[in-house]
Amino acid sequence: MELRRSRGARVLALVCVLGGALLLVYPSDGALLRTIIAVGAIALGVVALLSALRPFRFGIGADGLTVRRPGLRRDIRWAEVGALVLDEPPRRDGHPEPPRLLLVPAPGVTIEPATARHPLDGRPAIELLVLDQVREQPEQVSAALTRYAGDRFVDLLAQRRAAFDPPDLPVGLRGYQMDRVDRLIRRGQDALLSGDPSARQAARGEIERASAAGLPLAQRGYHPLQADTVLDALVAALADQQTTDRETAT
């Protein structure tokens, strides 16, 4: 499977260049400020366009991965791969970050300096791809990696949703600090995935203590009632798994 580069970066770059050019062509009051803005937009657009036109290739096949991107140009055989993880960084101010594909090299293999960590076990990893760079959806990339990489590949996006799939929380004035709520949800999801009863107990305790102490408020944040409902459901899910663990042990 060959992934196709997204056209979004090129379009944005062209818009910047054309917008800056139009500002230069049509003079008006405040010419100096207008010129500075126009030149800045053109420069930004040119840099973005040059970056978007750099060679790019990402192939997924029976023998491994073919990667051609800035900083990495090589074929990676499956034997060189210790783990592949499709992950999503924590949200920023309530906005989702694009998913990314992380690679943990097999022992003794050096591909390029580590730029990330495995989200569950902390092993050094390489950020191979940010999925907003390609046109394919995460589900399509996941299907190809599942087919060819086998048990080396973990789709954490799907696993987190299967463990606990929170709804999109409404945002308004004077709500809970979004980053704090998102971190608690991620903490609980990862504990559910860990298979470790002590990790689930620790996550449950952290969420309960944070809720009891009162989550920090922000000028713009998650609606408290809905956020409390989601966190209560997450605590219940963690408690249910702990009950199951005890029943299995007996």
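Sub-6 Å Cβ pairs linking a first residue in segment 103-129 that is of a type in the set (Val, Ile, Thr) to a second residue that is in a loop (DSSP other than H, G, I, E, B) and modelled with pLDDT of 90 or more, at least 6 apart or interchain, are Val104/His118; Val104/Arg123, ordered by first then second residue. For segment 135-162, what are the residues that are surrounded by fewer than 19 Cβ atoms within 10 Å (Cβ to Cβ), of a type outside the set (Asp, Glu) and within 24 Å of Gly94 (Cβ to Cβ)? Gln137, Pro138, Leu157, Ala158, Gln159, Arg161, Ala162 - these are the residues of segment 135-162 that are surrounded by fewer than 19 Cβ atoms within 10 Å (Cβ to Cβ), of a type outside the set (Asp, Glu) and within 24 Å of Gly94 (Cβ to Cβ).
Taking the condition surrounded by fewer than 17 Cβ atoms within 10 Å (Cβ to Cβ), within 21 Å of Arg77 (Cβ to Cβ) and of a type outside the set (S, T, N, Q), does Asp165 pass? Judged against the criteria, Asp165 is not a match. If you check Leu217, Leu156 for being modelled with pLDDT under 95, in the same structural domain as Leu120 (by TED's automatic domain parsing) and either acidic (Asp, Glu) or in contact with a strand residue (DSSP E or B) (Cβ under 8 Å, 6 or more places away or on another chain) (or both), only one passes: Leu156.
Let's see how each residue does on (1) within 24 Å of Ser194 (Cα to Cα); (2) among the β-branched types (Val, Ile, Thr); (3) assigned to a loop (DSSP other than H, G, I, E, B):
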{"site": "Glu97", "(1), (2), (3)": "yes, no, yes"}
{"site": "Val104", "(1), (2), (3)": "yes, yes, no"}
{"site": "Glu112", "(1), (2), (3)": "no, no, yes"}
{"site": "Ala125", "(1), (2), (3)": "yes, no, no"}
{"site": "Asp132", "(1), (2), (3)": "no, no, no"}
{"site": "Gln140", "(1), (2), (3)": "no, no, no"}
{"site": "Tyr148", "(1), (2), (3)": "no, no, no"}
{"site": "Gln159", "(1), (2), (3)": "yes, no, no"}
{"site": "Leu169", "(1), (2), (3)": "no, no, yes"}
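Restricting attention to segment 114-123, the residues that are in a strand (DSSP E or B) and either of a type in the set (Gly, Ala, Ser) or closer than 25 Å to Arg57 by Cβ (or both) add up to 1.
Taking the condition touching a residue at least 24 places away in the same chain (Cβ under 8 Å) and surrounded by 15 or more Cβ atoms within 10 Å (Cβ to Cβ), does Arg220 pass? First the steps, then the outcome.
Details: touching a residue at least 24 places away in the same chain (Cβ under 8 Å): yes; surrounded by 15 or more Cβ atoms within 10 Å (Cβ to Cβ): no.
Answer is no for this residue.
The values are calculated or read from the model by the stated rules, or taken from the named source; none is laboratory data. Given the structure is predicted, the values throughout are model-derived calculations rather than measurements. Every residue, glycine as well, gets a Cβ built from its backbone with ideal geometry; the counts of neighbours run over all protein chains shown.
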